[in-house]
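Single-structure report; data block below.
No value in this document is a laboratory result; all are computed from the given coordinates. Please read these numbers as outputs of a predicted model, since none were measured by experiment. So basically every Cβ, Gly included, is an ideal-geometry build from the backbone, and we count neighbours across all protein chains shown.
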Amino acid sequence: MTLTGVVGAGVMGAGVAQNLAQAGHDVVLVDNDPDAVTKALSTIELNCRTSRLLGGPDLDPDAVLARITAGTDLAPLADAETVIENITENWELKRALYLELDQVVRADAVFVANTSAIPITRLASLTRRPRQFVGVHFMNPVPMKPAVELIPGHHTSPEALERVRALLTSMGKKAIQVNDACGFVSNRVLMLTVNEAAFLVHEGVADAETVDEVFRSCFGHPMGPLQTADLIGVDTILYSIEVLHEHFADSKYRPCPLLKQMTDAGLHGRKTGRGFYTYDAPAAPSPVAAAGNGSRPSAVTR
Ligand code: NAD
């Protein structure tokens, strides 16, 4: 099996590292926040212990963790054949990282960008290897999700694309290939839906639980859009809709102020224990109430 680098050890990076390690790959996991590294390793350990209960495979946490070398230094990525980037959805942060990674990572390695919305060709242009640059939009939680969006950039070579497709197959993923565009297929639609659902709470049309209940009971969706927002990360939703807004310069993507306020307040969803719901009892999240018209959103104040 190959050595694969994973940069960013948040919600997605931890999941990608786990999925690679449980498929038998050696992994170097890097985050510039040491607390994120520690949290990722304990999340992976817990996910492995509970995998069976949640319908996944039987996993030995020690065996999975033994394949992961984690830290804050980019240098160990020098030996990786593929580097999967999963840092915060922010152009300036990603730009600075790719300029640095391009120096550290060996010349024949392939970069994989896991982004919610940023066009792959734009990210690839930051590097001296746009032919060896591929987008993969992983789904969350990564080890449990059977499919991904696979996105070649304008210059991606067929060899690089096939290498990444083979890596995804080894991880048990079906790769659904789409063309490069801001938000790809999934998030062009999903981010608008979640943003509008946030507007419904912000305007006091319904509280978070009622909005989600409509989607679950009327449409048969397993989760409502605001439960999905908490799973993805309310901050990540905001950053993604901001990327769409800036890219298309179209007011239909204007971010809901409630998403901004929740992001500023640290109400980022499951990963911080509170978002549209609170997660002191993870199996039974308690909903936040709707904001009244013109009032401060109770999602933030309660
Ligand atoms: P997150 O906020 O949970 O984690 C981001 C991590 O990146 C943090 O731990 C942060 O410390 C780290 N980081 C920031 N700058 C860094 C740098 N320069 N070097 C190393 N580490 C750095 O975010 P996430 O939800 O894991 O999202 C990561 C990426 O994946 C984003 O681009 C996001 O849009 C995309 N994505 C997210 C989801 C989802 O459901 N959350 C799904 C698909 C794709």
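Numerical summary
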read-out: For the stretch 129-210, the spread of Cα positions along each principal axis, largest first, Å; value: 52, 27, 17
read-out: Two-site label geometry, residue 49 and residue 169: point separation in nm, points 7 Å out along Cα→Cβ; value: 3.6
read-out: Summed residue charge, Cβ within 11 Å of residue 18's Cβ, Lys/Arg positive, Asp/Glu negative; value: 0
read-out: Fewest-first ranking of 218, 48, 182, using other Cβ atoms within 10 Å as the exposure measure; value: 218, 182, 48
read-out: DSSP beta bridges in the stretch 117-221 [antiparallel fraction, %, rounded to 5]; value: 50
read-out: Trypsin sites (Lys or Arg not before Pro) restricted to DSSP loop in the stretch 11-105 with at most 12 other C-beta within 10 Å; value: 52
read-out: Where the Cα pairs of the stretch 1-126 fall when distances are cut into 10 Å bins, in %; value: 14, 46, 31, 9, 0
read-out: Rg/Rg_ref, the stretch 84-126, where Rg_ref = 2.2 N^0.38 Å and atoms are Cα; value: 1.07
read-out: The stretch 1-56: C-alpha gyration tensor shape, a/c 1.5 cut-off, then a/b vs b/c; value: oblate
read-out: All-pairs alpha carbon distance profile, the chain, 10 Å steps from 0, percent; value: 6, 27, 34, 23, 8, 1
read-out: Lysine pairs within the chain, Cα separation less than 17 Å, 8 or more sequence positions apart or different chains; value: 5
read-out: Sites matching GluC sites (Glu not before Pro) across the stretch 167-249 that sit in DSSP coil, with at most 16 neighbouring C-beta atoms within 10 Å; value: 203
read-out: Helix axis angle, 91-104 relative to the chain longest principal axis, alpha carbon, degrees; value: 10
read-out: Long-range Cα-Cα pairs in the stretch 186-287 (distance over 18 Å), rounded percent; value: 42
